[in-house]
Each structure stands twice: as C-alpha cells, then as structure tokens.
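The values are calculated or read from the model by the stated rules, or taken from the named source; none is laboratory data. Note that the structure is a prediction, hence the values are computed from the model and not measured. Cβ coordinates were reconstructed from backbone atoms using ideal geometry, including for glycine residues, and neighbour counts include every protein chain displayed. Remember, those area values only see protein heavy atoms, side chains included, never the ligands or the DNA or RNA. Shrake-Rupley method; radii C 1.70, N 1.55, O 1.52, S 1.80 Å.
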Amino acid sequence: MAGEAVRLLVRFGRRYAAAVRLATLVPICAIALSRAAPEHVTATAYVVAAAAAWTCGYAWWLRVGRGSVPVALDAAVLLGLFASVFWTGAIEDRNSGWLRLLVTFACVTCQWHTRPLAGGAAALAAGGGAVALLVAAGALDVDATLVTGTAWAIPAAALSRAAWVVVRRAAERADRMAAEAERARGESLVAAAARADERELADSLHDTAATTLLMVGIGQVRSDAEWLAPQARRDLDWLHSGGGQAPPYADLVGLLRADLDATHLTVEFGAPERLRLPFDVARAIADATRETLTNVRRHAGTTSATVRLAGNEQSLRLDVADQGKGFSPADVPATRRGLRESVRGRMSRVGGTATITSAEGAGTLVRLEWEAGHE
C-alpha cells in the first residue's frame, strides 16, 4: 500500500504533467501557424485547433480522472494529428517541428503518471508512429533531420522514466522511514504507558498497604489497634479500584474529605464547597495530600494538621501544615519515595508543583499548586 509521500508524488506527477502540456501548448501552436505557408494556413489552423482542444481535455483528465484508457487514446490522437503532414504541406514547409514538440512533451510527461509498461508503450507508439508517418510522407527525401529529431522523443521518454523512478524510490524510502518512526513512536508510547502504570501501582502500594504494614512491622502501631483492620480493608479496596474506568471529572473537595477519615489525625480542613477538576488532576492532588498527611502521622510527632484549599478550576493552591518536630528536606535520602514520587512526582505528572518548607523543631508546610494548561 502506497504511503503518504508516494500518494503526494503521484498527485504531483499528474498535475505537473497537465501543467507542462498546457504551458507548452501556446508556443507550439504559435510556431505551427507562423511557419505555415499561406496556402496551408487554414488547414494547419484546423489541426492546431484540434490539438489545442485535445490537450486541454487531456490536461483536465489528468487533474480529475483515473485509469489508463485516456493514455492510449492520447497516443492515438497524437498520431492522428501527426498524420496531418500529408495534407498541410508540413514536410515541404519544414513545419513539422510543432508536431514533434507536441509528441515529445506528451511522451516525456506521460512517464510521470503511468506505470512503466503503459508509459513505455505509449512513448513507443506515439514516437515510433510519428517517425513512421514522416517516413511515409517522404521526409527522408526532403530533410532527414525531420525524422531523426522526431525519433528523439523515445530516448527523452526513457530518460524521463528513469528520473521518475529515482524520485519515486526516494518517496518510497521516505514512507518507510515515516512508518518506522511511527512504529517506534507507538512502541515508545506503549512503554511509557506501561511505566506510568507500574509507577502508579508502586505509588499506590507505598501509600496504602506497604505503609500500613511497615507501621505495624516497626512497632509504630500495635497489631491489635482498632483502626488497623478497617484501614487494611480500605487499602485493599483502594488497590482493587485502580483498574476501573475513571470518570472524566471529579470533585477534589469530595475526594479530600473521603481521605481525611483514614488519616487518624485531627485535621482542620478549609476548602470551597466544591471544586470540579479533570479526574486525573483531582486524584493526583488528593493522593499527594493523603501521602502528606500519612507522613505527618508517621514522622511529625503530632496528631493534628491543617489542610487549606483555595482556588478554582483554573488555578488552585493546597497547603498541608503541621506544628510537629519538622525535618531538613535536604537530608531526606534519595531512596525515600514518599515525598519524591508520591507527592512531587504525582504533582509533576499533572502539571503541578509541590513545595516542602520545614526545619528542625519548626513544623512542616507542604504546598501543592496547579494551573490549567500546564500539563
């Protein structure tokens, strides 16, 4: 199947062939009439009119038509026009040059819109037939160059076909390169999507079951704590829900409120009544907020935090603050993915930012910011 470059080249070949035939028509007709003897002007004018009408019709077909029948008809009409040398005195007047030009341009341009076999047959028929007609009309007895000049239409057509083959092969090569680039791009997108899914799964595991199990494992939470079993069920429900079809939009305030109960902190929450956002943006901000509150519970040495949301569907800011023991962000190991992936990474992937401000003994402020159009 032809690619885009080949299709464009084929269309260009047809249109350019039509343009060349039309562009050369006026000077060719002018040459025919100017070189005709007075007694042959009327007959020559009829032939010129027929040649002009046919050329215009054939150029129109090149622009809009399909098939190869008109190509064969073109060769036949050109031979019919060339046969006019028998009654227009073209041999005696040395006035066959315009017919030679008509045939030569037809043979050359025919190679730009036909298959090799059809184009070669048309050139041989038109060029060879024109030579035969000149010989039959006695051109060799008057001027042999009339015959040899006309015969050059066939080598000219061969050179035109060779050039066209080179150009078409270049177009085919361009199509192959484009197809390979598209295939590579598709594979890259698939791989990127797979990596994104893996990253999101890892973040979800880190934020839910892995964190809960770790807190139990290091003794930060008693294994018989009343909230542990419900929390484990919520973690499993959350992981299981990740494969469903996501809605296009979600209420960020509703998502935040749903997560506050699971933090086991006293949270002072301030937000608009409702804030509708694209689902992936709302989910990312809510998940980053939940992970921030989990870090407060695990590391801040406090049981309270403040969450403040301000903004609208175009721009928002969400602050999570605590008055805990604080820490030095620069000292957090690169291997710790809580802030790096679950907070900063999530916000970055939806076009937002996360800024952490903290110091030993001074509490922590995590600011999440997002603007529409920055994804």
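Of the candidates 162, 181, 118, the single residue that is within 49 Å of the chain's Cα centre (by Cα) and in contact (Cβ under 8 Å) with a residue 24 or more places away in the chain is 118. Residues that are modelled with pLDDT under 90 and within 17 Å of residue 345 (Cα to Cα) within segment 294-320 comprise 294, 295, listed in sequence order. Note on segment 354-374: residues that are closer than 20 Å to residue 322 by Cβ and either more than 38 Å from the chain's Cα centre (by Cα) or surrounded by fewer than 20 Cβ atoms within 10 Å (Cβ to Cβ) (or both) amount to 14.
Segment 104-189 holds helices (runs of 4 or more DSSP H) entirely within its bounds, and those carrying 1 or more residues that are closer than 16 Å to residue 74 by Cβ and in contact with a Ser or Thr (Cβ under 6 Å, 6 or more places away or on another chain) map to 116-123, 129-136. Residues in segment 23-44 that are without any contact (Cβ under 8 Å) to a residue 60 or more places away in the chain and either farther than 30 Å from residue 169 by Cα or open to solvent by 80 Å² or more (accessible area, probe 1.4 Å) (or both): 15 in all. Among residues belonging to segment 245-255 that are out of contact with any strand residue (DSSP E or B) (no Cβ under 8 Å at 6 or more places or on another chain) and within 21 Å of residue 313 (Cα to Cα), point out the one that is most open to solvent (accessible area, probe 1.4 Å). Only one residue fits best here, namely 247.
On inspection, residue 290 qualifies as closer than 22 Å to residue 247 by Cα, in contact with an Asp or Glu (Cβ under 7 Å, 6 or more places away or on another chain) and not in a strand (DSSP E or B). Number of residues in segment 256-280 that are in contact with a Lys or Arg (Cβ under 7 Å, 6 or more places away or on another chain), surrounded by 17 or more Cβ atoms within 10 Å (Cβ to Cβ) and at pLDDT 90 or above: the value is 0.
Residue check: residue 84 meets all listed conditions (1) over 20 Å from residue 118 (Cβ atoms); (2) open to solvent by 70 Å² or more (accessible area, probe 1.4 Å); (3) outside any loop (DSSP other than H, G, I, E, B) but one, namely (2). Of the numbered criteria (1) within 28 Å of residue 295 (Cβ to Cβ); (2) open to solvent by less than 40 Å² (accessible area, probe 1.4 Å); (3) modelled with pLDDT of 55 or more, the one residue 175 fails is (1). Of the residues screened, residue 96 is one that is buried (at least 23 other Cβ atoms within 10 Å of the Cβ) and at pLDDT below 95. Checking each residue in segment 303-326 for being open to solvent by less than 40 Å² (accessible area, probe 1.4 Å) and touching a residue at least 40 places away in the same chain (Cβ under 8 Å) picks out 305, 307, 309, 316, 318, 319, 320, 321, 322, 324. Taking the criterion of being surrounded by fewer than 13 Cβ atoms within 10 Å (Cβ to Cβ) and farther than 17 Å from residue 95 by Cα, the only residue of segment 45-56 that qualifies is 53.
Looking for whichever is in a helix (DSSP H, G or I), free of Cβ contacts under 8 Å to residues at least 40 places away in the same chain and touching a helix residue (DSSP H, G or I) at 6+ places or on another chain (Cβ under 9 Å) here; the options are 73, 78, 101, 62. Which one fits?
Result: 73 is the single residue among 73, 78, 101, 62 that is in a helix (DSSP H, G or I), free of Cβ contacts under 8 Å to residues at least 40 places away in the same chain and touching a helix residue (DSSP H, G or I) at 6+ places or on another chain (Cβ under 9 Å).
Taken as a whole, segment 33-52 holds no residue that is in a helix (DSSP H, G or I), within 41 Å of the chain's Cα centre (by Cα) and farther than 18 Å from residue 107 by Cβ.
Go through 104, 148, 109, 114 for me and flag whichever is hydroxyl-bearing (Ser, Thr, Tyr), open to solvent by 70 Å² or more (accessible area, probe 1.4 Å) and closer than 28 Å to residue 16 by Cα.
Unique residue meeting the criteria: 148.
Is it the case, given these coordinates, that residue 351 is over 40 Å from the mean Cα position of the chain (by Cα) and either outside any strand (DSSP E or B) or of a type outside the set (Val, Ile, Thr) (or both)? Judged against the criteria, residue 351 is not a match.
Please verify whether residue 8 is aliphatic (A, V, I, L, M), open to solvent by 70 Å² or more (accessible area, probe 1.4 Å) and closer than 16 Å to residue 96 by Cα, treating the condition exactly as stated.
Working: aliphatic (A, V, I, L, M): yes; open to solvent by 70 Å² or more (accessible area, probe 1.4 Å): yes; closer than 16 Å to residue 96 by Cα: no.
No: the conditions fail for residue 8.
Condition check ((1) charged (D, E, K, R); (2) under 23 Å from residue 84 (Cα atoms)) across all residues:
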{"site": "113", "(1), (2)": "no, no"}
{"site": "121", "(1), (2)": "no, yes"}
{"site": "128", "(1), (2)": "no, yes"}
{"site": "146", "(1), (2)": "no, yes"}
{"site": "165", "(1), (2)": "no, no"}
{"site": "176", "(1), (2)": "yes, no"}
{"site": "181", "(1), (2)": "no, no"}
